[in-house]
Amino acid sequence: MTKASVDEAPLLRVRDLDVTYRGTDGPVPAVRGVSFDVAPGEVLGLVGESGSGKSSVCTALMGLLPDGARMRADDIDFQGDNLATMRERELRKVRGRRLAFVPQQPMTSLSPTTSVGRQLRWYLGDRLDDLELRETLVGIGLGPVLDRPRDLPGAFSGGQLQRVVIALAALAHEPALLLADEPTTTLDATVQAQVLRLLLALRDKLGLAVVYVSHDLAVVSAICDRVGVMYGGRLVETAPVAEIFAAPRHPYTRALIAAMPAMTPEDRPLRAIPGTADGANLLPGCPFAPRCAHVLDVCGERMPGSVRRGASDVRCHVVEREDA
Ligand SMILES: Nc1ncnc2c1ncn2[C@@H]1O[C@H](COP(=O)(O)OP(=O)(O)OP(=O)(O)O)[C@@H](O)[C@H]1O
Ligand SMILES: [Mg+2]
(Lines give C-alpha, C1' and ligand atoms only; values in the text may rest on other atoms or scores of the structure.)
(Ligands and ions follow the chains in the order given, each with its own letter.)
Protein backbone atom coordinates (compact mmCIF):
# COMPACT_ATOMS: atom_id res chain seq x y z
CA MET A 1 0.00 0.00 0.00
CA THR A 2 1.30 3.48 -0.78
CA LYS A 3 1.54 6.05 1.99
CA ALA A 4 -1.25 8.07 0.38
CA SER A 5 -3.69 5.17 0.47
CA VAL A 6 -2.80 4.46 4.10
CA ASP A 7 -3.44 8.11 4.95
CA GLU A 8 -6.80 8.07 3.19
CA ALA A 9 -8.21 5.00 4.91
CA PRO A 10 -10.02 5.78 8.16
CA LEU A 11 -8.72 3.94 11.20
CA LEU A 12 -12.26 3.32 12.41
CA ARG A 13 -15.39 3.32 10.27
CA VAL A 14 -18.69 2.97 12.12
CA ARG A 15 -21.85 2.54 10.03
CA ASP A 16 -25.39 2.53 11.38
CA LEU A 17 -24.62 1.44 14.94
CA ASP A 18 -27.58 0.60 17.21
CA VAL A 19 -27.34 -0.26 20.92
CA THR A 20 -30.45 -1.39 22.80
CA TYR A 21 -30.69 -2.19 26.52
CA ARG A 22 -33.32 -4.27 28.21
CA GLY A 23 -35.23 -1.85 30.44
CA THR A 24 -37.90 -2.58 33.04
CA ASP A 25 -40.55 -1.01 30.73
CA GLY A 26 -39.23 -2.56 27.53
CA PRO A 27 -36.25 -2.04 25.21
CA VAL A 28 -34.20 1.15 25.67
CA PRO A 29 -32.81 2.26 22.29
CA ALA A 30 -29.67 4.04 23.52
CA VAL A 31 -27.78 4.45 20.22
CA ARG A 32 -29.61 4.69 16.89
CA GLY A 33 -28.11 4.64 13.43
CA VAL A 34 -24.82 6.23 14.43
CA SER A 35 -22.15 6.51 11.71
CA PHE A 36 -18.74 8.19 11.89
CA ASP A 37 -15.09 7.79 10.93
CA VAL A 38 -11.90 8.35 12.92
CA ALA A 39 -8.73 9.07 10.95
CA PRO A 40 -5.33 7.85 12.14
CA GLY A 41 -3.94 10.27 14.75
CA GLU A 42 -7.18 12.24 14.94
CA VAL A 43 -8.89 13.37 18.16
CA LEU A 44 -12.67 13.09 17.77
CA GLY A 45 -14.78 14.63 20.54
CA LEU A 46 -18.16 13.08 21.32
CA VAL A 47 -20.44 15.53 23.14
CA GLY A 48 -24.06 15.53 24.20
CA GLU A 49 -26.10 15.73 27.35
CA SER A 50 -26.48 12.98 29.90
CA GLY A 51 -28.21 9.91 28.46
CA SER A 52 -27.51 10.83 24.82
CA GLY A 53 -25.64 7.52 24.30
CA LYS A 54 -21.95 8.54 24.36
CA SER A 55 -20.80 5.82 26.79
CA SER A 56 -22.92 3.24 25.00
CA VAL A 57 -21.02 3.98 21.76
CA CYS A 58 -17.70 3.41 23.59
CA THR A 59 -18.75 0.24 25.40
CA ALA A 60 -20.23 -1.18 22.18
CA LEU A 61 -16.98 -0.49 20.30
CA MET A 62 -15.03 -2.19 23.09
CA GLY A 63 -17.40 -5.18 23.06
CA LEU A 64 -18.08 -4.58 26.75
CA LEU A 65 -21.85 -4.04 26.81
CA PRO A 66 -23.60 -5.54 29.85
CA ASP A 67 -25.65 -8.74 29.65
CA GLY A 68 -29.02 -8.14 28.04
CA ALA A 69 -27.75 -5.27 25.88
CA ARG A 70 -27.73 -5.80 22.12
CA MET A 71 -25.82 -4.08 19.40
CA ARG A 72 -25.95 -4.26 15.65
CA ALA A 73 -24.17 -2.31 12.94
CA ASP A 74 -23.78 -2.44 9.19
CA ASP A 75 -20.04 -2.17 9.76
CA ILE A 76 -17.52 -1.36 12.48
CA ASP A 77 -14.30 -1.54 10.53
CA PHE A 78 -11.21 -1.13 12.70
CA GLN A 79 -7.94 -1.55 10.82
CA GLY A 80 -9.60 -4.00 8.43
CA ASP A 81 -11.44 -6.07 11.06
CA ASN A 82 -15.21 -5.89 11.55
CA LEU A 83 -15.68 -5.51 15.32
CA ALA A 84 -19.45 -5.92 14.91
CA THR A 85 -19.14 -9.56 13.91
CA MET A 86 -15.95 -10.57 15.72
CA ARG A 87 -16.08 -13.41 18.20
CA GLU A 88 -15.22 -12.65 21.83
CA ARG A 89 -11.97 -14.62 21.62
CA GLU A 90 -10.74 -12.53 18.67
CA LEU A 91 -12.06 -9.31 20.20
CA ARG A 92 -9.96 -9.96 23.28
CA LYS A 93 -6.83 -9.75 21.13
CA VAL A 94 -7.90 -6.31 19.88
CA ARG A 95 -9.15 -4.90 23.18
CA GLY A 96 -6.47 -3.32 25.36
CA ARG A 97 -3.92 -3.79 22.58
CA ARG A 98 -4.84 -2.08 19.32
CA LEU A 99 -7.89 -0.49 20.94
CA ALA A 100 -7.61 0.91 24.48
CA PHE A 101 -10.23 2.27 26.85
CA VAL A 102 -9.96 4.80 29.69
CA PRO A 103 -13.09 4.67 31.84
CA GLN A 104 -14.38 7.56 33.91
CA GLN A 105 -13.29 6.03 37.23
CA PRO A 106 -9.53 5.31 37.16
CA MET A 107 -9.70 3.07 40.23
CA THR A 108 -11.73 0.49 38.33
CA SER A 109 -8.72 -0.33 36.15
CA LEU A 110 -6.04 -0.44 38.89
CA SER A 111 -5.60 -3.05 41.57
CA PRO A 112 -6.14 -1.30 44.95
CA THR A 113 -3.82 -3.67 46.83
CA THR A 114 -0.72 -3.50 44.61
CA SER A 115 1.63 -0.51 44.63
CA VAL A 116 1.35 1.84 41.65
CA GLY A 117 5.09 1.47 40.98
CA ARG A 118 4.69 -2.30 40.75
CA GLN A 119 1.65 -2.03 38.47
CA LEU A 120 3.56 0.32 36.16
CA ARG A 121 6.47 -2.15 35.96
CA TRP A 122 4.06 -5.00 35.51
CA TYR A 123 2.36 -3.52 32.46
CA LEU A 124 5.23 -1.55 30.97
CA GLY A 125 8.23 -3.59 32.15
CA ASP A 126 8.30 -5.81 29.07
CA ARG A 127 8.54 -2.82 26.80
CA LEU A 128 10.70 -0.42 28.81
CA ASP A 129 13.68 -1.01 31.08
CA ASP A 130 13.81 0.91 34.38
CA LEU A 131 15.64 3.89 32.91
CA GLU A 132 13.29 4.15 29.92
CA LEU A 133 10.30 3.79 32.21
CA ARG A 134 11.55 6.65 34.40
CA GLU A 135 12.33 8.86 31.41
CA THR A 136 8.92 8.18 29.87
CA LEU A 137 7.04 8.87 33.09
CA VAL A 138 9.06 12.03 33.86
CA GLY A 139 8.32 13.19 30.32
CA ILE A 140 4.58 13.01 30.99
CA GLY A 141 4.74 14.52 34.47
CA LEU A 142 4.47 11.26 36.39
CA GLY A 143 8.04 11.10 37.73
CA PRO A 144 6.89 11.62 41.35
CA VAL A 145 4.87 8.40 41.17
CA LEU A 146 8.11 6.41 40.78
CA ASP A 147 9.60 8.19 43.80
CA ARG A 148 6.90 6.52 45.93
CA PRO A 149 7.35 2.94 44.70
CA ARG A 150 5.53 1.29 47.57
CA ASP A 151 2.46 3.54 47.72
CA LEU A 152 -0.88 1.94 46.91
CA PRO A 153 -3.29 3.65 44.45
CA GLY A 154 -5.30 5.03 47.39
CA ALA A 155 -2.32 7.21 48.37
CA PHE A 156 -2.37 9.17 45.09
CA SER A 157 -4.72 11.92 43.94
CA GLY A 158 -7.51 11.27 41.43
CA GLY A 159 -5.64 13.31 38.82
CA GLN A 160 -2.41 11.36 39.27
CA LEU A 161 -4.26 8.06 39.03
CA GLN A 162 -6.15 9.17 35.96
CA ARG A 163 -2.84 10.01 34.28
CA VAL A 164 -1.39 6.65 35.35
CA VAL A 165 -4.36 4.86 33.79
CA ILE A 166 -4.06 6.85 30.56
CA ALA A 167 -0.31 6.18 30.45
CA LEU A 168 -0.89 2.45 30.98
CA ALA A 169 -3.62 2.30 28.33
CA ALA A 170 -1.51 4.19 25.80
CA LEU A 171 1.96 2.80 26.53
CA ALA A 172 1.40 -0.86 27.42
CA HIS A 173 0.65 -1.85 23.83
CA GLU A 174 0.79 1.40 21.85
CA PRO A 175 -2.80 1.17 20.60
CA ALA A 176 -3.93 2.81 17.38
CA LEU A 177 -7.08 4.15 19.05
CA LEU A 178 -7.82 5.21 22.61
CA LEU A 179 -11.42 5.64 23.77
CA ALA A 180 -11.54 8.05 26.72
CA ASP A 181 -14.96 8.31 28.40
CA GLU A 182 -15.12 11.62 30.32
CA PRO A 183 -11.66 11.13 31.79
CA THR A 184 -11.58 14.56 33.41
CA THR A 185 -15.11 15.23 34.69
CA THR A 186 -14.29 14.57 38.34
CA LEU A 187 -11.05 16.60 38.29
CA ASP A 188 -10.49 20.28 39.00
CA ALA A 189 -9.57 22.60 36.15
CA THR A 190 -5.77 22.54 36.67
CA VAL A 191 -5.59 18.75 36.85
CA GLN A 192 -7.98 18.49 33.91
CA ALA A 193 -5.53 20.57 31.90
CA GLN A 194 -2.65 18.22 32.89
CA VAL A 195 -4.64 15.16 31.83
CA LEU A 196 -5.56 16.77 28.52
CA ARG A 197 -1.94 17.80 27.91
CA LEU A 198 -0.91 14.21 28.58
CA LEU A 199 -3.43 12.89 26.05
CA LEU A 200 -2.20 15.31 23.41
CA ALA A 201 1.45 14.53 24.20
CA LEU A 202 0.75 10.81 23.75
CA ARG A 203 -1.08 11.48 20.53
CA ASP A 204 1.92 13.43 19.20
CA LYS A 205 4.47 10.90 20.49
CA LEU A 206 2.68 7.71 19.46
CA GLY A 207 0.40 8.95 16.68
CA LEU A 208 -2.59 7.33 18.33
CA ALA A 209 -6.12 8.47 17.56
CA VAL A 210 -8.49 9.36 20.40
CA VAL A 211 -12.27 9.35 20.80
CA TYR A 212 -12.80 11.78 23.64
CA VAL A 213 -16.21 11.79 25.36
CA SER A 214 -17.16 14.94 27.25
CA HIS A 215 -20.07 17.10 28.39
CA ASP A 216 -17.79 20.07 28.10
CA LEU A 217 -17.64 21.85 24.75
CA ALA A 218 -14.86 24.13 26.02
CA VAL A 219 -12.62 21.11 26.75
CA VAL A 220 -13.50 19.62 23.40
CA SER A 221 -12.64 22.83 21.57
CA ALA A 222 -9.20 22.81 23.23
CA ILE A 223 -8.13 19.30 22.26
CA CYS A 224 -10.25 17.88 19.43
CA ASP A 225 -9.81 17.98 15.68
CA ARG A 226 -13.44 17.09 14.99
CA VAL A 227 -16.59 16.91 17.09
CA GLY A 228 -19.63 14.64 16.95
CA VAL A 229 -22.76 15.93 18.68
CA MET A 230 -25.17 13.34 20.09
CA TYR A 231 -28.77 13.76 21.17
CA GLY A 232 -31.31 11.07 22.11
CA GLY A 233 -29.11 8.26 20.78
CA ARG A 234 -28.54 9.99 17.43
CA LEU A 235 -25.39 11.60 16.08
CA VAL A 236 -26.95 14.83 14.79
CA GLU A 237 -23.86 16.69 13.55
CA THR A 238 -20.18 15.93 12.90
CA ALA A 239 -17.75 18.67 11.91
CA PRO A 240 -14.21 19.98 12.33
CA VAL A 241 -13.97 21.78 15.65
CA ALA A 242 -13.49 25.25 14.12
CA GLU A 243 -16.59 24.74 11.97
CA ILE A 244 -18.73 23.64 14.94
CA PHE A 245 -18.01 26.93 16.68
CA ALA A 246 -17.97 29.22 13.66
CA ALA A 247 -20.98 27.73 11.85
CA PRO A 248 -22.99 25.27 13.95
CA ARG A 249 -25.77 23.85 11.73
CA HIS A 250 -28.04 21.56 13.74
CA PRO A 251 -30.45 23.51 16.01
CA TYR A 252 -29.26 21.40 18.97
CA THR A 253 -25.60 22.21 18.26
CA ARG A 254 -26.54 25.89 17.97
CA ALA A 255 -28.42 25.79 21.28
CA LEU A 256 -25.49 24.01 22.99
CA ILE A 257 -23.04 26.63 21.83
CA ALA A 258 -25.36 29.49 22.79
CA ALA A 259 -25.56 27.94 26.28
CA MET A 260 -21.76 27.94 26.74
CA PRO A 261 -20.75 30.40 29.48
CA ALA A 262 -17.80 31.80 27.51
CA MET A 263 -20.09 32.57 24.57
CA THR A 264 -22.44 34.65 26.71
CA PRO A 265 -21.60 38.31 27.41
CA GLU A 266 -21.93 39.10 31.10
CA ASP A 267 -24.96 41.34 30.63
CA ARG A 268 -26.90 38.52 28.98
CA PRO A 269 -28.30 35.67 31.11
CA LEU A 270 -27.14 32.18 30.25
CA ARG A 271 -29.55 30.73 27.71
CA ALA A 272 -30.68 27.29 28.83
CA ILE A 273 -32.32 25.05 26.23
CA PRO A 274 -36.05 24.90 27.11
CA GLY A 275 -37.52 21.46 27.82
CA THR A 276 -35.73 18.21 28.68
CA ALA A 277 -34.22 15.31 26.77
CA ASP A 278 -36.32 12.74 28.66
CA GLY A 279 -37.69 10.12 26.32
CA ALA A 280 -35.93 11.65 23.29
CA ASN A 281 -34.39 8.24 22.48
CA LEU A 282 -37.90 6.77 22.01
CA LEU A 283 -39.11 9.30 19.42
CA PRO A 284 -39.57 8.05 15.85
CA GLY A 285 -38.43 11.31 14.23
CA CYS A 286 -35.70 13.75 15.18
CA PRO A 287 -35.09 13.37 18.93
CA PHE A 288 -34.62 17.15 19.31
CA ALA A 289 -37.98 17.99 17.63
CA PRO A 290 -39.94 18.68 20.87
CA ARG A 291 -37.40 21.33 21.93
CA CYS A 292 -36.56 22.73 18.52
CA ALA A 293 -37.52 26.33 17.69
CA HIS A 294 -37.54 25.54 13.94
CA VAL A 295 -39.52 22.28 14.06
CA LEU A 296 -41.46 21.16 10.94
CA ASP A 297 -44.23 18.52 10.77
CA VAL A 298 -41.88 16.01 9.17
CA CYS A 299 -39.43 16.28 12.10
CA GLY A 300 -41.77 14.30 14.35
CA GLU A 301 -42.24 11.60 11.70
CA ARG A 302 -38.81 10.43 10.58
CA MET A 303 -35.14 11.04 11.13
CA PRO A 304 -33.53 12.64 8.09
CA GLY A 305 -30.39 11.24 6.45
CA SER A 306 -27.08 13.02 6.66
CA VAL A 307 -26.37 16.03 4.41
CA ARG A 308 -23.07 17.86 3.92
CA ARG A 309 -23.09 21.63 4.58
CA GLY A 310 -19.70 23.32 4.50
CA ALA A 311 -17.43 20.87 6.33
CA SER A 312 -20.28 19.56 8.53
CA ASP A 313 -22.35 16.40 8.19
CA VAL A 314 -25.80 17.22 9.59
CA ARG A 315 -29.02 15.30 10.12
CA CYS A 316 -31.79 17.92 10.18
CA HIS A 317 -34.88 18.42 7.99
CA VAL A 318 -34.62 22.21 8.32
CA VAL A 319 -30.97 22.28 7.24
CA GLU A 320 -31.75 19.79 4.47
CA ARG A 321 -34.29 22.19 2.99
CA GLU A 322 -31.89 25.12 3.01
CA ASP A 323 -29.81 25.68 -0.12
CA ALA A 324 -26.74 23.49 -0.15
N1 LIG B 1 -27.18 -0.92 31.63
C2 LIG B 1 -28.20 -0.20 31.16
N3 LIG B 1 -29.47 -0.68 31.20
C4 LIG B 1 -30.51 0.02 30.72
N5 LIG B 1 -30.40 1.24 30.16
C6 LIG B 1 -29.17 1.77 30.08
C7 LIG B 1 -28.00 1.10 30.58
N8 LIG B 1 -26.92 1.88 30.37
C9 LIG B 1 -27.38 3.00 29.77
N10 LIG B 1 -28.73 2.95 29.60
C11 LIG B 1 -29.58 3.96 28.97
O12 LIG B 1 -29.06 4.21 27.68
C13 LIG B 1 -29.13 5.60 27.35
C14 LIG B 1 -27.75 6.12 27.00
O15 LIG B 1 -26.90 6.00 28.13
P16 LIG B 1 -25.36 6.33 28.09
O17 LIG B 1 -24.79 5.95 29.41
O18 LIG B 1 -24.77 5.75 26.87
O19 LIG B 1 -25.39 7.94 27.92
P20 LIG B 1 -24.22 9.02 28.11
O21 LIG B 1 -24.37 9.95 26.95
O22 LIG B 1 -22.93 8.33 28.28
O23 LIG B 1 -24.67 9.77 29.43
P24 LIG B 1 -23.74 10.47 30.56
O25 LIG B 1 -23.32 11.76 29.97
O26 LIG B 1 -24.68 10.64 31.71
O27 LIG B 1 -22.59 9.55 30.86
C28 LIG B 1 -29.78 6.27 28.55
O29 LIG B 1 -31.15 6.39 28.30
C30 LIG B 1 -29.52 5.29 29.68
O31 LIG B 1 -30.53 5.38 30.66
MG1 LIG C 1 -21.55 8.32 29.83
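The values are calculated or read from the model by the stated rules, or taken from the named source; none is laboratory data. Not measured: the values here are computed from a predicted model. For neighbour counting, all protein chains shown are included, and Cβ atoms are generated from backbone atoms with ideal geometry for every residue, glycine included. What goes into the accessible areas is simple: the full protein's heavy atoms, side chains included, and nothing from ligands, DNA or RNA. Shrake-Rupley method; radii C 1.70, N 1.55, O 1.52, S 1.80 Å.
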Taking region 68-98 as the search range and keeping residues that are more than 19 Å from the chain's Cα centre (by Cα) and of a type in the set (Gly, Ala, Ser), which one is farthest from ligand 2 (Cβ to nearest atom)?
-> Gly80
Answer yes if at least one residue in region 109-116 is modelled with pLDDT under 90 and closer than 30 Å to Thr20 by Cβ, and no otherwise.
-> yes
If only one of Thr276, Thr238, Thr253 is open to solvent by 50 Å² or more (accessible area, probe 1.4 Å), of a type in the set (S, T, N, Q) and either within 16 Å of Glu49 (Cα to Cα) or modelled with pLDDT of 95 or more (or both), which one is it?
-> Thr276
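Return the residue satisfying two criteria in turn: it lies in region 121-133 and is over 16 Å from Lys205 (Cα atoms) and open to solvent by 40 Å² or more (accessible area, probe 1.4 Å), and of such residues it is modelled with the lowest pLDDT.
First, pick out the residues of region 121-133 that are over 16 Å from Lys205 (Cα atoms): 121-126, 129-131.
Remaining after also requiring open to solvent by 40 Å² or more (accessible area, probe 1.4 Å): 121-123, 126, 129-131.
Values: Arg121: 88, Trp122: 88, Tyr123: 87, Asp126: 83, Asp129: 88, Asp130: 87, Leu131: 89.
In this case the residue turns out to be Asp126.
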Among residues of region 53-100 being acidic (Asp, Glu) and assigned to a helix (DSSP H, G or I), the residue nearest to ligand 1 (Cβ to nearest atom) is Glu88
Considering every residue within region 72-86, establish whether at least one is touching a helix residue (DSSP H, G or I) at 6+ places or on another chain (Cβ under 6 Å) and touching a residue at least 12 places away in the same chain (Cβ under 8 Å).
-> no
In region 82-95, is there at least one residue being crowded, with 16+ Cβ neighbours inside 10 Å and of a type in the set (Asp, Glu)?
-> no
In the list Ser109, Ser56, which residue meets the criterion of being among the polar types (S, T, N, Q) and closer than 30 Å to Ile257 by Cβ?
-> Ser56
If Gly159 passes every condition in (1) open to solvent by 10 Å² or more (accessible area, probe 1.4 Å); (2) more than 19 Å from Val211 (Cα to Cα); (3) out of contact with any Ser or Thr (no Cβ under 8 Å at 6 or more places or on another chain); (4) at pLDDT below 90 but one, which one does it miss?
-> (1)
Counting only residues in region 99-110 that are more than 16 Å from ligand 2 (Cβ to nearest atom) and out of contact with any Phe, Trp or Tyr (no Cβ under 9 Å at 6 or more places or on another chain), the one most open to solvent (accessible area, probe 1.4 Å) is identified as Met107
Considering region 169-216 alone, what residues qualify as being open to solvent by 20 Å² or more (accessible area, probe 1.4 Å) and either of a type in the set (Phe, Trp, Tyr) or not in a helix (DSSP H, G or I) (or both)?
-> His173, Glu174, Ala176, Thr185, Thr186, Leu187, Asp188, Gly207, His215, Asp216
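On the given criteria, is Val34 in contact (Cβ under 8 Å) with a residue 12 or more places away in the chain, open to solvent by less than 20 Å² (accessible area, probe 1.4 Å) and within 16 Å of ligand 2 (Cβ to nearest atom)? Explain how you work it out, then say what you get.
Working: in contact (Cβ under 8 Å) with a residue 12 or more places away in the chain: yes; open to solvent by less than 20 Å² (accessible area, probe 1.4 Å): yes; within 16 Å of ligand 2 (Cβ to nearest atom): yes.
So Val34 fits the description; yes.
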Can you spot a residue in region 24-31 that is of a type in the set (A, V, I, L, M), under 18 Å from the mean Cα position of the chain (by Cα) and open to solvent by less than 30 Å² (accessible area, probe 1.4 Å)?
-> yes
Restricting attention to region 71-105, which residues are at pLDDT 90 or above and among the small types (Gly, Ala, Ser)?
-> Ala73, Gly80, Ala84, Ala100
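Does Val31 satisfy the criteria of being closer than 19 Å to Tyr212 by Cβ, away from ligand 1 (no atom under 16 Å from the Cβ) and of a type in the set (A, V, I, L, M)? Quick ask: steps written out before the conclusion?
Numbers: closer than 19 Å to Tyr212 by Cβ: yes; away from ligand 1 (no atom under 16 Å from the Cβ): no; of a type in the set (A, V, I, L, M): yes.
Here the answer is no, as Val31 does not meet what is asked.
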Inspect region 244-254 for any residue being within 16 Å of ligand 1 (Cβ to nearest atom) and under 20 Å from Ile273 (Cα atoms) and give the result as yes or no.
-> yes
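In region 217-235, which residues are assigned to a helix (DSSP H, G or I) and open to solvent by 30 Å² or more (accessible area, probe 1.4 Å)? It would help to see each step written out before you state the result.
Of region 217-235, the ones assigned to a helix (DSSP H, G or I) are 217-223.
Across region 217-235, the qualifying residues are Ala218, Ser221, Ala222.
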